Amino acid sequence: MLGFFGAGNMATAILRGVLSSGLLSADEIAVFDIDGEKTAALSAETGVEAAASPAALIDACDTVLLAVKPQVLPAILQENASQIARRMPLLISIAAGKPLAFYEAQLGFPVRMVRVMPNLNAAVGAAVSAFCGNENATEDDLAFAEKLCASFGTALALPEAQFPIFGVLGGCAPAFVFLFIDAMAQAGVKNGLTKQAALSISAQTVLGSAKMLLEGGEHPRKLIDSVCSPGGTTVEGVMCLQKDGFEAAVHAAVQAALEKDKRL
């Protein structure tokens with residue numbers, strides 16, 4: 001049985017993915033949130049069990065997904081350490097900025113631990129998530145974590161040392177893409193389109209281009225060349241982007257976010 005400790009937006013997105021993918025059925029899932037109304041609402045919507053307390057959740061589940069804010073994790077782990085020690089479930093955490101070693105340090109004993117970093121796009125079943133396990137996590141534990149991530153997008157096994165750069169490319173970059181889409185739409189409005197039409201065209205173009213890249217297997221540069229007819233409009237626009245520092249700005253944004261992550 002899989003238990004969700006927390007019923008916020010990301011937990012809800014993951015839960016819906018688990019159910020819609022058929023990975024688990026509603027009677028194989030329990031949820032608890034300190035906000036009883038959230039617990040009840042999610043249970044009513046999805047049919048999963050509403051646990052009455054953290055202890056009840058841990059008692060019922062052999063896997064517990066920690067989907068709470070990082071700042072409350074120490075208290076939650078310490079308050080429930082005895083229950084965790086008795087049941088020894090697989091713990092999966094989606095808390096940002098908390099390394100695998102943090103959990104054993106807080107609990108005071110070894111645990112099977114998997115760290116997962118999903119992104120915003122889990123809300124539409126299109127996340128890219130990284131996962132890694134500690135030395136106690138078994139192959140079965142990691143296989144389940146991979147299936148869990150795949151239920152709401154795509155999964156990528158990464159060493160924990162690479163989580164910061166993944167966090168930028170997977171976590172921060174959706175905002176960069178939204179900024180690009182909005183800039184494209186503004187240019188469309190400037191040239192006579194309604195904002196709604198311009199946003200729709202720009203967003204669908206990004207979606208289709210990403211799909212073509214992922215499914216076609218071609219290098220981005222080759223795809224760029226395939227669109228740039230000699231002396232045409234596309235190559236004119238690409239050269240303008242390069243002249244104005246588009247690529248350098250993207251590199252700088254990634255590096256700035258990565259440096260900020262190191263300071264947190």
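The values are calculated or read from the model by the stated rules, or taken from the named source; none is laboratory data. Keep in mind that what you see is a predicted model, and the values were worked out from it rather than measured. Positions of Cβ are backbone-derived with ideal geometry, glycine not excepted, and every protein chain shown enters the neighbour counts.
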- Query: Can you pull out the residues in the stretch 123-145 that are among the β-branched types (Val, Ile, Thr) and within 10 Å of the chain's Cα centre (by Cα)?
  - Reply: 128
- Consider residue 26 carefully, then state whether it is touching a residue at least 12 places away in the same chain (Cβ under 8 Å) and under 22 Å from residue 111 (Cβ atoms). no
- For residue 247, indicate whether it is out of contact with any Ser or Thr (no Cβ under 9 Å at 6 or more places or on another chain), farther than 30 Å from residue 94 by Cα and either at pLDDT below 95 or among the acidic types (Asp, Glu) (or both). yes
- Note on the structure: For the stretch 92-139, the count of residues that are small (Gly, Ala, Ser) and under 14 Å from residue 66 (Cα atoms) equals 4
- Mind checking which residues of the stretch 35-71 are more than 23 Å from residue 140 (Cα to Cα), surrounded by 14 or more Cβ atoms within 10 Å (Cβ to Cβ) and of a type in the set (A, V, I, L, M, F, W, C)? 40, 41, 42, 48, 50, 51, 55, 56, 68
- Query: Here are some residues: 250, 189. Which one is touching a residue at least 60 places away in the same chain (Cβ under 8 Å) and farther than 30 Å from residue 20 by Cα?
  - Reply: 250
